[in-house]
Amino acid sequence: MVARRWQISDLDPIPRLGLIEEPSPITELPQLAAQLGLGTLAVKRDDQIGALHGGNKPRKLDYLLAVPPFSEAKRWAALGAIGSGNMVALTAAAAQLDRHVEAHLFWEPLSEGVVDNLAFVASGPTSMRFHLSRFTAVLRRPALVLGSSSTDPAVLPVGSTNPRSTLGSLRAGLELADQIAAGELPTPDRLYVALGTGGTSVGISLGLAMAGLDTEVIAVAVVEHPFTTWSQMTRLRHQVVAFSDQQGLDLSAHRAPDRFHIERSQLGPGYAIVTPQSNQACQRLADAGVTLEPIYTGKAMAALLAAAAGGHNRGKNILFWNTRHGGPLPCSETWRCTLPPALVSRLNRSSGQRAVVGGCS
Ligand SMILES: *Cc1c(COP(=O)(O)O)cnc(C)c1O
């Protein structure tokens, strides 16, 4: 049986805000490809998406925020690390759509970009609550992860991932297929992308399968194993197929994730903890003109570099999906004054570890 080839326009009946109309650009890195022994190395530049300062989160919010309860609620609540890219995109959406964000922030070490993201969130239409860790946040406010029927505030799923928002990443997979068909890049043999909640990698992989491509997706886990299991990713894929069916798209031919691999070699000590490999990967890409951060994209690129160093992917066409937001982010001069006092003292205690930098004085 020949499977149907899906197009982006097949998604038209499903509501979205329409934040993203243009494909994110492709950058070829021929010198780095040659150094690594690859056939080609292309980067998918979600950092250059204009909406909500770019990155992978606007793609999810495009679908998520278009329907109730989020489309109706005046206030949104979400959980994230103090440097959360999801909170950045949500804050930008709130500013654009005249909403308010209740940001439940938990501590993470001050790696590159963390304070800049916090400054942006603190400068937006937000109120912040500080929790010492992911775990204490969840114990105090279980609704932040278990979901809630509350509409004031309406609670976003963790990482803005649910079956509906994953359509934004699925759409990204179809978008890449269009760019391949237009000759912008060769069909990748392998695609490297960071795996947090999995919405991005699972959605992209499904979109590529729907377009008839057999690119292997290497989803590089940046979160601990219990939260990134194969069965969780398979379940999300099944949920997206079931949800699409309710929306009138029959994706039953693509239930099984056949070309999806979870790579666990780059997590290091844990989520949000920088590794020497991720730092080196950020440096290597900065030299090639692409800015990464060390928590997600640095670890995903480190997996690509480690594979190449091991003689893998020789002569192959490789794609790296840059999920980082664009920069620099604007912030107000007084952003520090709006932080919860407990967060201020925690920041001050850590500033010996790394100077609290950013665009603000
Ligand atoms: C959130 C995020 C991811 C992870 O996306 P998931 O859909 O949660 O797997 C990857 N990269 C960056 C930069 C992010 O902010």
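Read-outs: derived from the displayed coordinates by stated rules, not from any lab. Note that the structure is a prediction, hence the values are computed from the model and not measured. Virtual Cβ from ideal backbone geometry, glycine too; neighbours counted across all protein chains shown.
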Point to revise | Whole-percent pair-distance distribution, where bins are 10 Å wide, for the alpha carbons of segment 61-219 | key: 11, 35, 31, 19, 5, 0
Point to revise | Full-extension gain in nm, Ala309 to Glu28, via 0.36 nm per residue minus C-alpha separation | key: 99.2 nm
Check your understanding: Taking Cα pairs under 8 Å and at least six residues apart, what relative contact order does segment 161-305 come out at, in percent?
Key -> 25
Review point. Using all Cα-Cα distances in segment 238-289, what percent lands in each 5 angstrom bin from 0 up to the longest?
Key: 4, 16, 13, 11, 10, 10, 11, 15, 9, 0
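Under 8 Å for C-alpha pairs, at least 6 residues apart: give me the relative contact order for the chain, rounded to a whole percent.
Over the chain, the number comes to 23 percent.
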Review point. His238 to Asp214: extension gain in nm, 0.36 nm per residue of separation minus the Cα-Cα distance?
Key: 6.8 nm
Revision key, fill the gap. Note, segment 42-53: 3J(HN,Hα) by Karplus (6.51, -1.76, 1.60, θ = phi - 60°), whole Hz, Gly/Pro = x, goes 10, 10, 8, 8, 5, 5, 9, 5, x, 5, 6, 6
Review point. Which values, in whole Å and largest first, are the semi-axes of the equivalent ellipsoid of segment 270-328 obtained as the square root of 5 times each eigenvalue of the Cα gyration tensor?
Key: 19, 14, 10
Exercise for review: Please report, in whole Å, how far the alpha carbons of segment 17-95 spread along each principal axis, starting with the longest.
Suggested key: 51, 29, 17
Point to revise | More than 25 angstrom apart: percent of Cα pairs within segment 186-291 | key: 29
Practice item. Using only the alpha carbons of segment 294-337, determine the length spanned along each of the three principal axes and report them from longest to shortest in whole angstroms. Key: 51, 16, 10
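What length, rounded to one decimal in nm, is gained on full extension from Ser252 through to Thr187, with 0.36 nm per residue of separation minus their alpha-carbon distance?
21.0 nm
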Review point. Label-point separation (nm) for Ser231 and Ala3, each offset 7 Å from Cα along Cα-to-Cβ?
Key: 2.5
Practice item. Quick one: compute the contact order of segment 116-225, relative version, from alpha carbon pairs under 8 angstrom and 6+ residues apart, as a percent. Key: 23
Exercise for review: Quote the Stokes-Einstein diffusion coefficient, in whole µm² s⁻¹, for the chain, based on the Kirkwood radius over alpha carbon pairs, a temperature of 4 °C and a viscosity of 1.567 mPa s.
Suggested key: 63
